[in-house]
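Okay, structure first, notes after.
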Amino acid sequence: MTVNRRGVKYTQSDLDTLNALRTDYAESADGLTATLQVVAINFQVDAATNNCRHN
């Protein structure tokens with residue numbers, strides 16, 4: 001759960017906007033899933049980039 005929350009905070013770093021939109025996304029499983037997919041893709045890109053640098 002902590003990773004999920006940090007993922008949302010990562011994608012919306014402005015706390016005022018984050019808090020204002022919380023009621024919209026808090027009940028949206030699709031929205032949260034899509035946000036976390038973006039975070040996962042970013043991690044994959046970073047991992048692939050780091051792997052290329054080591055080879």
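Bear in mind these aren't lab numbers, they're just calculated from the coordinates by the rules spelled out. Treat the numbers as computed from the prediction; the structure is a model and nothing was measured. Every residue, glycine among them, receives a Cβ derived from its backbone with ideal geometry; neighbour counts consider all protein chains shown.
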Can you compute the charge dipole magnitude of segment 2-54 about its Cα centre, using +1 on each Lys and Arg Cβ and -1 on each Asp and Glu Cβ, nothing else charged? Give it in debye, rounded to the nearest 20. 280
log10 I(q)/I(0) for segment 2-54, Debye formula on C-alpha points only (no solvent), q = 0.16, 0.20, 0.31 Å⁻¹, two decimals, reads -0.53, -0.72, -1.22
Distance in nm between pseudo-label sites at Asn51 and Ser13 (7 Å out along the Cβ direction from Cα): 2.7
Most exposed first by the Cβ proxy, i.e. fewest other Cβ within 10 Å, how do Ser13, Ser28 rank? Ser13, Ser28
Given charges at Cβ of Lys, Arg, Asp, Glu: the chain dipole, positive-most of Leu36, Asn51, Ala20: Asn51
Only helices at least 15 Å long along their axis, Cα-based, and averaging 0.0 or more on Kyte-Doolittle count here, so list those DSSP H runs from the chain. 29-54
Only helical DSSP H runs with n ≥ 4 go in: add -39500 (n - 2.57) per run for the chain, normalise by residue count and round the 222 nm mean residue ellipticity to 500 deg cm²/dmol. -28000 deg cm²/dmol
